[in-house]
Amino acid sequence: MTVASDVKTCLASLKSAQASLEQFALSTQNQQAKQVFTNAASTTQQVIQKVEERVKQLEKEEPQYKGY
C-alpha cells in the first residue's frame, strides 16, 4: 500500500468512529455520557479535518493517487 492509500483508509476509519460516537450520544439517556460522546465526536471531527488536509496535500504531490 502507498502512503496515500493508508492515509485515506485512516480517514475512512476516523469518519466511521465519529459517526459511532454521534450515534452513541443520540442513543444514551445519561447526560454525562452524552456530553462525553459529543466532545469525542467534536475532537474526532477536528482530526478528520487535519487528515483531509493531508490527503489534499498528498494528491497535489502525487496526482496519480487523486480520487482513490
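The values are calculated or read from the model by the stated rules, or taken from the named source; none is laboratory data. Please read these numbers as outputs of a predicted model, since none were measured by experiment. Cβ coordinates were reconstructed from backbone atoms using ideal geometry, including for glycine residues, and neighbour counts include every protein chain displayed. Surface areas here come from the heavy atoms of the whole protein model, side chains and all, with no ligands, DNA or RNA. Shrake-Rupley method; radii C 1.70, N 1.55, O 1.52, S 1.80 Å.
Going through E52, E59 one at a time, which residue ends up being acidic (D, E), at pLDDT below 95 and in a helix (DSSP H, G or I)? Going through E52, E59 in turn, the sole match is E59.
The residues of the stretch 12-22 that are in contact with a helix residue (DSSP H, G or I) (Cβ under 7 Å, 6 or more places away or on another chain) and open to solvent by 60 Å² or more (accessible area, probe 1.4 Å), listed by number, are K15, E22.
Screening D6 with (1) surrounded by 12 or more Cβ atoms within 10 Å (Cβ to Cβ); (2) free of Cβ contacts under 8 Å to residues at least 12 places away in the same chain; (3) under 19 Å from P63 (Cα atoms) gives one miss only, at (1). Here's a check for you: in the stretch 23-44, which residue that is surrounded by 15 or more Cβ atoms within 10 Å (Cβ to Cβ) and under 12 Å from the mean Cα position of the chain (by Cα) is nearest to K66 (Cα to Cα)? My answer is T44.
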